[in-house]
1. Residue by residue through the stretch A:150-173, note down the ones that are more than 10 Å from chain B (Cβ to nearest Cβ), outside any loop (DSSP other than H, G, I, E, B) and closer than 19 Å to residue A:135 by Cβ.
2. One residue is enough: does the stretch B:226-233 have a residue meeting the conditions small (Gly, Ala, Ser), part of a helix (DSSP H, G or I) and more than 23 Å from residue B:149 (Cα to Cα)?
3. When only residues in the stretch A:3-22 that are more than 10 Å from chain B (Cβ to nearest Cβ), of a type outside the set (Ser, Thr, Tyr) and more than 21 Å from residue A:68 (Cα to Cα) count, which is farthest from the chain's Cα centre (by Cα)?
4. When you go through B:400, B:369 one by one, which is the residue that is at pLDDT below 90, at negative phi and within 14 Å of chain A (Cβ to nearest Cβ)?
5. Restricting attention to the stretch B:372-397, and to residues there that are surrounded by fewer than 23 Cβ atoms within 10 Å (Cβ to Cβ) and away from chain A (no Cβ under 14 Å), which single residue is nearest to residue A:161 (Cα to Cα)?
6. What number of residues within the stretch A:26-44 satisfy the criterion of being of a type in the set (D, E, K, R) and at pLDDT below 90?
7. Give the stretch B:136-147 a look and list any residue that's touching a helix residue (DSSP H, G or I) at 6+ places or on another chain (Cβ under 9 Å) and either within 27 Å of residue B:321 (Cα to Cα) or surrounded by fewer than 21 Cβ atoms within 10 Å (Cβ to Cβ) (or both), or say none.
8. Assuming residue A:212 fulfils every condition listed in (1) surrounded by fewer than 23 Cβ atoms within 10 Å (Cβ to Cβ); (2) under 19 Å from residue A:93 (Cα atoms); (3) not basic (Lys, Arg) apart from one, which condition is it?
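The values are calculated or read from the model by the stated rules, or taken from the named source; none is laboratory data. These numbers come from a predicted model, not from an experiment. So basically every Cβ, Gly included, is an ideal-geometry build from the backbone, and we count neighbours across all protein chains shown.
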Amino acid sequence: MYTLSSVTKTYHRGREGTVTAVDGVDLVIADGDWLAIKGRTGSGKSTLLQLLGAMHRPDRGAVEFDGRDLAGLREAELTRVRGEAIGFVFQTFNLIPTLSALENVEAALVPLRLPGAERQTRAAAALADVGLADRARHLPSELSGGQQQRVGIARALVKQPRVLLADEPTGNLDTATRDEILALLETLWRERDLTLVVVTHDADVSERARRVAVMDAGRLAVVVGSEGN
Amino acid sequence: MSRTRTDRTDRAARGDREDRATRPDHGLGLRPDRPTRPLRAIHPLREVRRRWRQTLLSGAGLGVGIGLVVTVMAAANGLGDAERAVLHSLYGVGTDISVTKASPSAGAPDPKDLNASGSSGKGIGYSPGKDPQPVDQLTPAPGLSWLPSAAAAQAGRLHGVAEVAGGLTLSDTSFIVPALSQIAPDGTPPASAFPTTLLVSGVDVAHPSLGPFASAKLVAGRGFTDADRGADVAVVDSAYAAAHSLAVGGSVTVELHRFTIIGLAAQPAGSADVSIPLARAQALAKASSTSPYTGMTSPDMVTDIYVRAAGASDVAGVRSGLARLLPAATVSSASSLADQVSGSLKDVSRLINQLGRWLSAGVLTAAFVLASLLTLAAVSSRRRELGTLRALGWPRRLVVGQITAEALVTGAVGAVFGVAIGLGGAAVLSAIAPKLTATVANSPGNVAPKNVGINATGMHVTDAPGSLHDLAVRMAAPVSASLLLVAVATALAGGLVAGLVGSWRASRLPPAAAMSDVG
């Protein structure tokens, strides 16, 4: 699915000068893989996730996604890739506070230009898949942290992406809820033949992954596990 | 803690316990026939509702600016109406050009000292006798002189002229020459010896849409018809009629002749008190005892010629043609007459047009800037939310549309505030505005006759008595539907500007803004 070759991403931060967040990373992520990316704060793991998620283009190297180099795509094409093929789960859930759970999930279908009725039906089904059918009309503020992350997962999966990218998906949850969310992600990964990439600090999360990549100062220090599913 | 917040906390606390109780069906009550909700419309509205304080602040700021603009424009419109009314009282609604001729010396015969001079300069003497002697004189209004009716016919043949009418503007001065026995030992005459003046207009009944009478609005009775050409009928100014208890069917006296009142008409300030058919006015003026002294040599003379051009582009050419045709006369268009109006009306109009418009433009600009800054602040505070939409694959145009739609709602709130403030401001202005005066020449278009005097401080030039007169004008601030439309459009434009500024900021947000850690 992904083939990263000598990927480098540099940020220019005013007086701090230039920061190389990702430095010459080579990585292959196969279809159906579950990769956990670990590393200390500032090690470049989130930037790597953003590169995988077509949020950034690398300054050097290539990020091939299904044979297409994301570095060579125009902004509108990157947007289309994000809208159609990639699902995101965020640490802070990132739900729109004024929209209900159902509407938040629907928001992910807006770029696909689906008819309203189909959008609504698919969003309802996605919420049901994560066990929140009875919370569809609730605003995010009326949901617990675990429920909000379930809505976030439903939103990521409603467009049936081929890859799910999660940025510290359990970082804001208590232990019990974290386990539920991890179990849910694992179930969905298995049932839907997803490719799952999770950035995490949490050893319990990385223990469940099939492979673990460790980032250190922008470099990929080590990858543990085999590429096969 | 509010009840709502408690309920939400309780629901959230229950949430995790109920997580495991997943339901196999969607259970949302979704029905195929249920109309789908336009998410892209719901989102901006809810966002505006969530930030209602900022929306109200921004809308109120826009509203103050819009309201001030509405008030100032309403005042300007009211002053414009007042100026037009003054001009209409001089030469009517449908007239493009008026022609008058200045008299060599201003003023009607002044009978106060029982010895007056007409514009011809010849003296008219009245001597008290054994019995009181009623006197009623028709003279051209102060400052005006005669024009031959033939000039009107010649004017009608000029290229670009659509219609021509003649008119007579006369002063009817009446008083009673007292008997010797009525004069006090110190020489003071009785009150009846002091003159009363009636402003009389001779109306060309064949061309009622030209001249001052065209501005009249009938409030009772009827207007003139062709059949009234030689009849002793009159249309009386409604204010004059009220002051003198006159009504339709009654009569009014002009030059000792009784005219039957056929109608009452509301007219701009300064209009004639009594309008009678032109032919009758000419006959009376010719027959008046003052005609030899005022220079009226034939009964077909007029004091005014009113011209309507075929089109706006013809006005300048017709004016030049008339000036060549009547070199001794003064040819005036609406714009040249407007320049000659002075008084507090002009002063206030100048103030509104200059200071008022600059002030409202400044406040409006400040309101636009405020709305834009608040929108920018809102975009910055929603960096993660907007970044999330971009990460979900929303193209820039959808995010821009979202911000613009929200700003337009703010603009709509500003429109509501602005219309309310504008209507209120205009109403207050109309209620408290003092009466204004417009000073106009008795001989429209002519330079007012001057008196020159010399005293210890040098030479002084003053307007000759009777050359100018003041018209009282009530200031109003009418708010028209088109002005309200302009207000709403301006408020929405303010919202749009703010939306574009916010959209520019939002469109520059990268999708990575959705994530907390960019490093």
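1. Answer for the stretch A:150-173, where residues must be more than 10 Å from chain B (Cβ to nearest Cβ), outside any loop (DSSP other than H, G, I, E, B) and closer than 19 Å to residue A:135 by Cβ: A:151, A:153, A:154, A:157.
2. If we filter the stretch B:226-233 for residues that are small (Gly, Ala, Ser), which is where we start, we get B:227, B:230-231.
Still in the running and part of a helix (DSSP H, G or I): B:227.
Remaining after also requiring more than 23 Å from residue B:149 (Cα to Cα): none.
For the stretch B:226-233, residues small (Gly, Ala, Ser), part of a helix (DSSP H, G or I) and more than 23 Å from residue B:149 (Cα to Cα): absent.
3. Going through the qualifying residues, I end up with A:15.
4. Numbers: B:369 fails: within 14 Å of chain A (Cβ to nearest Cβ).
Being at pLDDT below 90, at negative phi and within 14 Å of chain A (Cβ to nearest Cβ) holds for just one of B:400, B:369, which is B:400.
5. It comes out as B:380.
6. In the first step, residues of the stretch A:26-44 are kept if they are of a type in the set (D, E, K, R); the result is A:26, A:31, A:33, A:38, A:40.
Retained after the next criterion (residues that are at pLDDT below 90): A:40.
Counting residues in the stretch A:26-44 that are of a type in the set (D, E, K, R) and at pLDDT below 90 gives 1.
7. Quick first cut of the stretch B:136-147, residues touching a helix residue (DSSP H, G or I) at 6+ places or on another chain (Cβ under 9 Å) only: B:137-140, B:145-146.
Correct list: B:140, B:145, B:146.
8. Checking residue A:212 against (1) surrounded by fewer than 23 Cβ atoms within 10 Å (Cβ to Cβ); (2) under 19 Å from residue A:93 (Cα atoms); (3) not basic (Lys, Arg), the one that fails is (2).
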